[in-house]
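Heads up: the structure comes next, in structure tokens.
Quick note: the coordinates plus some simple rules give every number you see, no bench work behind them. Nothing here was measured: the structure is a model prediction, and the numbers come from that model. Positions of Cβ are generated from backbone atoms using ideal geometry, with glycine treated the same way; all protein chains shown enter the neighbour counts.
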């Protein structure tokens with residue numbers, strides 16, 4: 001730990017006085033002024049300190065140390081400005097044992113005395129240091145016991161048939177005064193219809209497609225998805241049963257053991273009969289593609305190497321990733337397809353698998369490395385194009401777009417071509433306004449969830465359990481809608497830029513590694529079986545921003561350094577023509 005100067009006995013005494021309250025209500029009343037006055041008086045009376053600086057964080061939780069004035073204070077403490085750090089009460093600094101222990105060790109290394117006025121001790125003495133650690137242990141114990149009491153209260157409410165709040169199920173309305181559920185006739189008809197359709201077709205995808213084609217929409221006005229339909233058809237709430245304590249964590253669909261569930265029969269009016277519900281769920285369980293319901297943990301994870309990189313050149317949607325069948329060799333590739341191909345049939349682009357896309361991408365990057373290594377033999381962009389399209393994988397490619405080719409040549413050469421640096425295509429640096437808005441909304445919602453959890457678990461005046469559940473469910477639902485929109489939005493988005501040299505280095509470290517150093521051509525399937533798929537995924541995501549597909553052909557590769565290479569194929573219509 002680096003500091004600018006050490007605290008010595010000759011150093012003039014100067015104190016950092018830290019005050020904090022968790023809510024704006026407290027800040028508006030007497031808590032902050034009271035803390036300030038008492039700390040100033042205490043510093044003068046007990047330590048003779050006249051030189052002090054007050055740091056105030058109003059409306060911030062003590063769960064962690066991510067508070068602006070606290071961080072500002074610690075920066076100045078590290079600079080050697082203070083000899084003492086005073087707080088009114090120890091939990092004003094932190095309610096987290098690990099955070100406080102880390103801060104205290106740092107103060108100790110810096111020679112700064114920590115003093116808690118309310119607990120009447122300072123860490124310049126051995127007994128003060130011991131008392132500090134004991135108090136921290138009990139502070140964390142109290143917080144954990146509070147959380148347990150809240151959980152016990154909610155379980156008791158559920159056992160008594162009281163609804164603990166959350167999102168009102170589709171098909172129902174909720175009366176806050178009578179605290180009862182009633183059937184929403186219009187939505188209940190849609191639930192009946194999806195149940196009947198699933199019995200008939202035994203396919204969630206077909207049901208979602210029929211409902212969407214008929215103009216049926218969710219309560220939020222969105223199209224129906226197979227996941228949403230599965231969630232409704234597998235929920236016993238629609239048979240009049242209230243099930244609570246089903247999942248291990250709120251919003252995370254990991255089931256607890258059935259013995260821990262609380263199930264209240266005849267809690268409200270049913271929409272589906274028991275017979276139909278059981279029949280539907282037998283089909284769901286026996287359907288080989290639905291043995292694991294959406295959201296449940298998979299027993300094995302499949303790494304989609306190009307997941308998140310591929311976009312449809314026809315409609316602009318980001319491809320979805322699914323695992324293909326296991327091959328006899330033990331290799332299990334991923335398959336990528338435009339979501340509109342299956343969901344709405346508004347796009348007819350072909351799906352593509354790892355070996356097809358991987359063979360093209362890995363050998364194109366390999367050719368780039370070879371071209372960079374042997375650039376002394378390349379005299380113009382035409383020579384560079386021949387080098388980049390070397391190999392049977394590129395026999396159907398007629399040429400590379402001029403802008404991207406010239407930019408690549410300019411990147412490789414020490415003297416810019418024709419004395420000018422080629423500008424990168426404008427499309428690379430544009431940010432879709434809607435995507436930018438959605439990303440901002442996602443960050444805002446995630447921060448709101450974090451603040452809500454802090455208010456519930458750690459605030460001096462925590463919000464009620466019911467209010468917490470309702471607000472958290474609303475935020476979870478909104479975040480889910482944002483994530484779904486982000487997955488379907490047009491590909492125009494911001495790019496993390498890296499320098500040309502770093503781009504070449506990052507790719508070279510991988511391609512010219514021990515396994516691939518002398519390769520002239522790479523068979524992607526063999527590479528994928530020899531090297532961990534996580535490594536391959538990290539490599540491609542490190543150097544590539546996006547890949548635009550046109551059927552099973554790569555139409556464009558946008559690299560992280562700003563290069564955009566467009567490929568024109570023989571006997572095919574040129575992109576944008």
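Extension gain, residue 106-residue 192: 0.36 nm per intervening residue step, less the Cα-Cα distance, totals 24.7 nm. The simple spin-label model puts a point 7 Å past each Cα toward its Cβ; for residue 399 and residue 326 those points are separated by 4.9 nm. Approximating the spin labels as points 7 Å out from Cα along Cα→Cβ, the residue 473-to-residue 44 distance works out to 5.5 nm. Available extension along the chain between residue 155 and residue 76 is 23.7 nm, counting 0.36 nm per residue and deducting the alpha carbon span. Taking the average, over residues, of other Cβ atoms within 10 Å as the packing measure, peptides 148-158, 304-314, 236-246 rank 304-314, 236-246, 148-158 from highest down. Taking label points 7 Å from Cα along the Cα-to-Cβ direction, residue 119 and residue 377 give a separation of 7.2 nm.
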